[in-house]
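The values are calculated or read from the model by the stated rules, or taken from the named source; none is laboratory data. Computed from a predicted model, the values in this text were never measured in an experiment. Every residue, glycine as well, gets a Cβ built from its backbone with ideal geometry; the counts of neighbours run over all protein chains shown. Note: areas computed on protein heavy atoms with side chains; ligands, DNA, RNA excluded. Shrake-Rupley method; radii C 1.70, N 1.55, O 1.52, S 1.80 Å.
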Amino acid sequence: GRRLAHPMTDMAPNDERTVGEVHVPKVEMRQISDRSSLRSDAPQNSARHAAAPLQQIAEVLEAQEEAKAALEEAARDKKVRELSTCVSEFVSTEARYLADLQSVAVAFLEPLRPLLPPQLHYAIFSNLPQLQGLHQGLGTDLERATSETASDSGQACVDAFSKLLPYFRMYATYCCNYPNVAEALCKVAAEHSGAATALVEAEEARGVKLQALLFRPVQRLCVYPLLLERMKKSSQPESQMRTTCESAFAALQELNSEVNERVRQMEARLHMTAVLLLVEGVDHLIEAGRLLHLEALVDMKSPTASTLNA
């Protein structure tokens, strides 16, 4: 009835003995227990390790969105500053231009009026008083527009300019007459000594020639498209400001084309008149509505005696 000890089951924990020829290592019970707990925690650790990259990706995407929003905000702020600079330049240069027109009127136009024949006086100054009145009105509107908030001042300035743009067609008359200025001033110096003296004194007092001042309207008309183009590029895409600038720019380009065409026609008429004056007996061809369509050199040869006999 005595139970025999089994060589494996009766071994105590952490025991080591030799059974026959077989070496049986001692059993590490605590290690087995620890490994069991690791196996039980493995699914949770795997889930945490799997969630960590997703969270990192989400954080990276969020940072990218924040950086993109910051760049867009910086770009908008830059355009606002650029637009403010363009509007300030438009207003300040317009004020200086108006001051030049007023200076010409006070120092030259009015003092020379009683000293020159009306036709010669007009050949010099053309419709400059009408241009001055136009830009006085524009200056008043721009001053009112700049009192708006910073975000609305640009729109108000372009609106004020667009409202008066149809009246800018009077520049065609001025630009057509400007080529006569140099000849008219020479005639003043040669034939009207009193006016010539007053003219020289006024030029010396201001340090600028009258002919240079009279070129300012021609020059200013070419500057407006550049200013509008800069304001358009500085405005926000698809904004009312950009739409208004584009409309004003297109209208001004059409106006400049009209002015250039009228100047070209005027020069052609003057040239036609000069050509007809060289030919005797064709004075009746000099008419206001007549245009020169073709000019060519004709080689005229006298007939020889043999040709006449034949």
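Observations on the model:
- Cleavage-rule hits (GluC sites (Glu not before Pro)) in the range 208-260: DSSP loop, at most 13 neighbouring Cβ within 10 angstrom: Glu238
- In the range 91-173, GluC sites (Glu not before Pro) in a DSSP loop with at most 16 other beta-carbon atoms within 10 Å: Glu148
- In this structure, the residue pairs whose Cα-Cα separation is over 26 Å, taken from Lys163/Lys232; Lys209/Lys233; Lys68/Lys233, are Lys209/Lys233.
- The spacing between the range 115-163 and the range 74-97, judged by their C-alpha centroids, is 19 Å.
- A viscosity of 1.306 mPa s and a temperature of 10 °C, combined with the Kirkwood radius over C-alpha pairs in the Stokes-Einstein formula, give the range 113-265 a diffusion coefficient of 91 µm²/s.
- Accessible surface, the range 132-286, averaged per residue in Å² (probe 1.4 Å): 54
- Backbone geometry of the range 88-99 corresponds, through the Karplus equation with coefficients 6.51, -1.76 and 1.60 at θ = phi - 60°, to 3J(HN,Hα) couplings of 4, 5, 4, 5, 5, 5, 5, 5, 5, 5, 4, 5 Hz, x marking Gly and Pro.
- The 3J(HN,Hα) values that the Karplus relation (6.51, -1.76, 1.60; θ = phi - 60°) gives for the range 136-141 are, in residue order, 5, x, 5, x, 5, 5 Hz. Gly and Pro appear as x.
- Cα-based Kirkwood hydrodynamic radius, the range 83-133, one decimal, Å: 12.4
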